[in-house]
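To start, the structure itself, in C-alpha cells.
Computed from the coordinates by the stated procedures, all read-outs in this text should not be read as laboratory data. As the structure is a computational prediction, the values presented were derived from the model and not from experiment.
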Amino acid sequence: MRLSKSLKKYKIKTPGGKNVTHFKKKRSSYDVCKNCGTKLNRPKLSVKKLKRLPKTKKRPQRPFPELCSKCMREYFKEKVR
Ligand SMILES: [Zn+2]
C-alpha cells in the first residue's frame, strides 16, 4: 500500500465485504487570494458546476475577483495616490 500525503485517503467497503483504503487527488475547496494567500469567501467551483450555473453567476461582481477584499482596497488606495 502506498502512503502519500499529497493524496486524500478514504475508506470504502468492497462488494466482497473488505474494507479498503482508496486514494483520491486532493483538491483545494477554496480559492486563495493571489496577494496575501488567505482563503476567499467563496468556494472553488468545479467545471461541472460552472457549466450548470447561469452566466450572471460566473461573472465577478467586483473588480479583481482573484484578490481578497482587503487587498483589493489596498490596491485601489495605492492607485489613487
Ligand atoms: Zn489578500
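Computed values, structure above
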| item | result |
| --- | --- |
| Residues with amide H under 5 Å from that of Leu40, placed H, sequence gap 5 or more | Asp31, Val32, Cys33 |
| Extension reserve of the Lys48-Gln61 stretch, reckoned as 0.36 nm per residue once the Cα distance is removed | 2.6 nm |
